[in-house]
């Protein structure tokens, strides 16, 4: 099966955000960050309260509550901006360029303007399906991104993966925000 598609900036950003959302350590960091920030505001507010500066103590108490309530939204929006910046810097020459991919019984062959690579099919761990992309995960931890927008027949792609005994994990309800 041969695939031909063009990857856009949002495809790379979605891949990075999906990887972050699947990473247990990233979830811990997000959770810890929320409570550290709230704790910082509370400690500062308590210091101000002990100094008889009640107005500012209340202000920092409100900030602590707001940080717990709104930290996740702020964190997620900052991550989108950060990942967009990283993608623009790291993948600038790949954005908008044609990519070719071919599945054979033994290999996954990819080709872009920089060259060609050949990966043993046995090195493919799984294919993660999100609403707009497929992420082909390899055993070494890296992944290939396939844009659904560039595929003529998504069901044919899935059938080919199943025929090659490649597991497809559906995350069709995944979204970052």
Exercise for review: Report the normalised scattering of the chain as log10 I(q)/I(0) at q = 0.13, 0.16, 0.18 Å⁻¹, calculated by the Debye formula with identical scatterers on the alpha carbons.
Suggested key: -0.73, -0.97, -1.15
Check your understanding: Measuring from label point to label point, each 7 Å out along Cα→Cβ, what is the residue 6 to residue 121 span in nm?
Key -> 3.1
Check your understanding: residue 89 to residue 175: FRET efficiency via 1/(1 + (r/R0)^6), r the Cβ-Cβ distance, R0 35 Å, to the nearest 0.05?
Key -> 0.90
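Relative contact order for segment 11-90: what is it in percent, counting Cα pairs under 8 Å that are at least 6 residues apart?
On the way: 50 pairs, mean separation 29.0, N = 80.
Relative contact order here is 36 percent.
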Practice item. With a 10 Å radius around each residue's Cβ, average the other Cβ atoms per peptide and rank 81-93, 136-148, highest first. Key: 136-148, 81-93
Practice item. Please find the FRET efficiency linking residue 32 to residue 53, where r is the Cβ-Cβ separation and R0 is fixed at 25 Å, and quote it to the nearest 0.05. Key: 0.30
Practice item. Compute the FRET efficiency between residue 19 and residue 105 as 1/(1 + (r/R0)^6), taking r as their Cβ-Cβ distance and R0 = 35 Å, and round to the nearest 0.05. Key: 0.75
Check your understanding: What percent does the relative contact order of the chain come to when contacts are Cα pairs within less than 8 Å and at least six residues apart?
Key -> 26
Review point. Counting every Cα pair in segment 11-90, what percent are over 18 Å apart?
Key: 53
Practice item. Give me the angle, in degrees from 0 to 90, between the Cα long axis of helix 9-22 and the longest principal axis of the Cα atoms of the chain, rounded to the nearest 10. Key: 70
Study note, to complete from the structure: Computed over segment 86-177, the Cα gyration tensor eigenvalues, each multiplied by 5 and square-rooted, give semi-axes in Å (largest first) of 20, 18, 13
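Only the coordinates and a few stated rules stand behind these numbers; no lab work does. Model, not experiment: these values are computed from the prediction. Methodologically, a virtual Cβ is constructed for each residue, glycine included, from the backbone with ideal geometry; neighbour enumeration extends over all protein chains shown.
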